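Just below is one structure, and these are the notes that go with it.
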Amino acid sequence: MPTIVSLRGVTKRFGRFTALDDVTFDVQSGETLVVIGPSGSGKSTLIRCINRLEAHDAGAIVVDGFTVGDTRQLTRIRAETGMVFQNFNLFPHLSVLRNVALAPVRVRGLSWRDAEDRARKLLERVGLAAHVTKYPAQLSGGQQQRVGIARALAMEPKLLLFDEPTSALDPEMVGEVLDVMQALARTGVTMIVVTHEMGFARRVADRVVFMDHGRLVEEGPPSTLFDAPRDPRLRGFLQAVLPH
Amino acid sequence: MSVFDTFLNWPVFIEALPMLLRGLGITLGLGLTAIGLGLAGGLVLVLLRLYGGRLLGPLAVAYIDVFRSVPVLVLLIVIYYALPFVGLRLSPFWAATSALSLVSAAYSAEILRAGIEGVPRGQFEAARALGLNAVRQMTDIILPQAIKLVIPPLTSNAINVMKDTALASVVAMPDLLKQATQAQALAANPTPLIGAAVIYVLMLLPFVRGVGLLEARLNRRGR
């Protein structure tokens, strides 16, 4: 499997606070990588550096052969990288269909007709065929996040970034979003998922990385990480988050 | 002489009405042109201010501050009476339109800035993450939401511009106020002035009330 994302010594500071501290790892094409760790450990900053929503201060990030930080390659990186946000960030003034169809038209140059056909198929895939003409405010949180996933998929990205996609949802809506993500993981798209859903991590991840204080502390397959954690910080974290 | 003969003299009013309506047409033409140009100028200014970098950004800020400080009447008189000394001679209409638009652009820019900054950060991030370029981010995502937020203050600004058109009467622009003062002189009776005042109020009152209602509705919806 070829490497699609590679980070080498990536460091990011906010003022005097070090959010990412010399982080190095690779993601293989088709892999589902789940990033776990306590709040403020740098998980979100990590994936926000990959599509340059944050600019890293040191180190190198390469996505699909493109260097993150080279302005000329930025559009390519973002076009190949879909992102799903904690707060959905759907466009409230556009219909569900337009939310999904917009970027393929504006960035990929599709016609509205082709883009809307694609959008309808994707919305059907995430179980929202009946809602295409609605506006985001008319949908539940879980439905909105599924639109968010369809919007990211519409660009046919090589890489999907999920930034705590279920953290803003009511508990009864978490399942419907995780189901869509699990189905996606099986299609072979590369996913980097920041989440607190340990059950999801265990079931779906090919590999889990644990971060603490901006550092990558431990990584491995979910069975190893959850059942035989080596680092005491990971053990403490798992004790705190896993059901008692 | 009764109040009715002096201030509310119907025959005098009817006599003056054609002049007043001609003046109203000019006032509307002047006001709408200035509102349109001011809005366009404001949009350019706010984009320069927010995204113009280290050179154009401060220039936009300087423009906005200066033109929010200068009285419209002073600016108008400078444009009409001073610029001819350097060979720039504008008609009363264009002198008034320039003065009103230059000032309105500065206010519009500040209003639009509040609107753009009122759009949640997540909207910018989602637009960037999708790969939209800077122009598309603005036209497709940010401005449609920003403008909705600032329709009430933009309307207030438009009302002010419409009222300030009356200043054009000092550069011999035959607008509503100028026509009223001339009609008053002809009739030797102040009724046309009262008539002009009533026309201004009737023209703008619906917008003033509309802004109030719109703001109340936006507040109820929480944004």
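Mind checking the mean number of beta-carbon atoms from other chains within 10 Å of the Cβ atoms in A:70-81?
2
Per residue, what accessible area does the stretch B:12-76 have, given a 1.4 Å probe and all protein chains present, in Å²?
I get 53 Å² per residue for the stretch B:12-76.
Let me check something: with ligands and nucleic acids excluded, how do A:Val209, B:Val86 order by accessible area (1.4 Å probe), largest to smallest?
Final ranking, largest accessible area leading: B:Val86, A:Val209.
Once A and B are treated as a pair rather than alone, how much accessible area drops out, both sides summed, in Å² to 100, probe 1.4 Å?
Separately minus together, A and B give about 1600 Å² buried.
If I require 30 Å or longer along the helix axis, counting alpha carbons, and a Kyte-Doolittle average no lower than 0.0, what helices from chain B are left? Use full DSSP H segments.
B:10-51, B:92-118, B:191-221
Measure off, as a whole percent, the carbon and sulfur share of the 1.4 Å-probe accessible area of the stretch A:92-244, all protein chains present.
In the stretch A:92-244, the share of accessible area belonging to carbon and sulfur is 48 percent.
Using only DSSP helix segments of four residues or longer, with each worth -39500 (n - 2.57), what per-residue ellipticity at 222 nm results for chain B after dividing by its residue count and rounding to 500?
On the way: 9 runs with 170 residues, N = 223.
After summing the helix terms and dividing by the residues of chain B, the value is -26000 deg cm²/dmol.
Put B:Arg209, A:Arg16, A:Arg230 in order of accessible area, largest first, 1.4 Å probe: what do you get?
Values: B:Arg209 140, A:Arg16 240, A:Arg230 160 Å².
Largest to smallest exposure gives the sequence A:Arg16, A:Arg230, B:Arg209.
Using the Kirkwood formula over every pair of different C-alpha atoms, what hydrodynamic radius in Å results for the stretch B:3-222? Working shown, then result.
Values: mean 1/r = 0.0514 Å⁻¹.
Hydrodynamic radius (Kirkwood, Cα pairs) of the stretch B:3-222 is 19.5 Å.
For the pair A:Arg230/B:Lys163, report the inter-label distance in nm, with labels modelled 7 Å from Cα in the Cβ direction.
7.5 nm
To the nearest 500 deg cm²/dmol, what mean residue ellipticity at 222 nm is calculated for chain A from DSSP H runs of n ≥ 4 alone, each contributing -39,500 (n - 2.57), summed and divided by the residues?
Computed mean residue ellipticity for chain A: -11500 deg cm²/dmol.
Run the dipole for chain A about the Cα centre, Lys and Arg Cβ at +1, Asp and Glu Cβ at -1, nothing else charged, and hand back the magnitude in debye, nearest 20. Spell out each step's value before the answer.
On the way: 30 positive and 27 negative charges, 127 e Å.
That gives chain A a dipole magnitude of about 600 debye.
Considering only protein heavy atoms and a probe of 1.4 Å, how much of the accessible area of the stretch B:3-222 is carbon and sulfur, as a whole percent?
70 percent
With N set to the number of residues, divide the alpha-carbon radius of gyration of the stretch B:10-130 by 2.2 N^0.38 Å and report two decimals.
Its radius of gyration relative to the 2.2 N^0.38 Å reference: 1.42.
Relative to the longest principal axis of the C-alpha atoms of chain A, give the angle of the C-alpha long axis of helix A:112-125, reported between 0 and 90° and rounded to the nearest 10°.
Tilt relative to chain A: about 60 degrees.
Per-residue Cβ counts within 10 Å, from other chains only, averaged over A:88-94: what number is that?
The per-residue average across the peptide is 6.
Of B:Trp94, A:Trp112, which has the most accessible area with a 1.4 Å probe, and how do the rest follow in descending order?
Working: B:Trp94 125, A:Trp112 70 Å².
Descending order: B:Trp94, A:Trp112.
So if we plug the beta-carbon distance of B:Glu117 and A:Phe17 into 1/(1 + (r/R0)^6) with R0 = 22 Å, what FRET efficiency do we get, rounded to 0.05?
Working: r = 25 Å, r/R0 = 1.12.
Here the calculated transfer efficiency is 0.35.
What are the trypsin sites (Lys or Arg not before Pro) within the stretch B:50-94 that DSSP puts in a loop, where the Cβ has at most 11 other Cβ atoms within 10 Å?
Answer in residue order: B:Arg89.
Quick check for you: with a 1.4 Å probe and neighbouring chains kept, what is the accessible area per residue of the stretch A:43-88, in Å²?
37 Å²
Among B:Val66, A:Leu33, B:Leu143, whose Cα projects farthest towards the positive end of the dipole of the protein assembly as shown, with charges put on the beta-carbon of Lys, Arg (+1) and Asp, Glu (-1)?
Positive-end residue among those listed: B:Val66.
Accessible surface of B:Tyr107 in the full protein assembly, 1.4 angstrom probe, to the nearest 10 Å²?
90 Å²
Just name one of A:Leu123, A:Gly175, A:Ile192: the one whose Cα is farthest towards the positive end of the charge dipole of the stretch A:101-244 (beta-carbon charges, Lys/Arg +1, Asp/Glu -1).
Value computed over the given set: A:Leu123.
Mind putting a number on the dipole of the stretch B:3-222 about its Cα centre? Charges go on the C-beta only, +1 for Lys and Arg and -1 for Asp and Glu, and I need it in Debye to the nearest 20. Display every interim value, and only then the final one.
On the way: 16 positive and 10 negative charges, 132 e Å.
Once rounded to the nearest 20, the dipole reads 640 debye.
Considering amide H positions built from the backbone, and no H for Pro or chain starts, which residues 5 or more places from A:Leu169, or on another chain, come under 5 Å of its amide H?
Counting only residues 5 or more places away or on other chains, the set is empty.
Roll a 1.4 Å probe over the protein heavy atoms and report the accessible area of A:Lys12 in Å², nearest 10.
The accessible area of A:Lys12 comes to roughly 20 Å².
Considering the options A:Leu46, B:Phe124, A:Met83, tell which one lies farthest towards the positive end of the dipole of the protein assembly as shown, charges being +1 on Lys and Arg and -1 on Asp and Glu at the Cβ, about the Cα centre.
Looking along the dipole axis, the top candidate is B:Phe124.
Over the heavy atoms of A:Glu172, what accessible area does a 1.4 Å probe trace out, to the nearest 10 Å²?
130 Å²
From the phi of every residue in the stretch A:193-200, what ³J(HN,Hα) in whole Hz does the Karplus formula 6.51 cos²θ - 1.76 cosθ + 1.60 yield, where θ is phi - 60° and glycine or proline is x?
For the stretch A:193-200, the Karplus curve yields 10, 8, 7, 9, 7, 5, x, 4 Hz.
About its Cα centre, what dipole magnitude does the protein assembly as shown give when the only charges are +1 on Lys and Arg Cβ and -1 on Asp and Glu Cβ, stated in debye to the nearest 20?
It works out to roughly 420 debye.
The values are calculated or read from the model by the stated rules, or taken from the named source; none is laboratory data. Keep in mind the model is a prediction, meaning the values are calculated, not measured. Cβ atoms come from the backbone with ideal geometry, glycine included; neighbour counts cover every protein chain shown. For the accessible areas, the whole protein counts, side chains as well, though only heavy atoms, and no ligand, DNA or RNA atoms are used. Shrake-Rupley method; radii C 1.70, N 1.55, O 1.52, S 1.80 Å.
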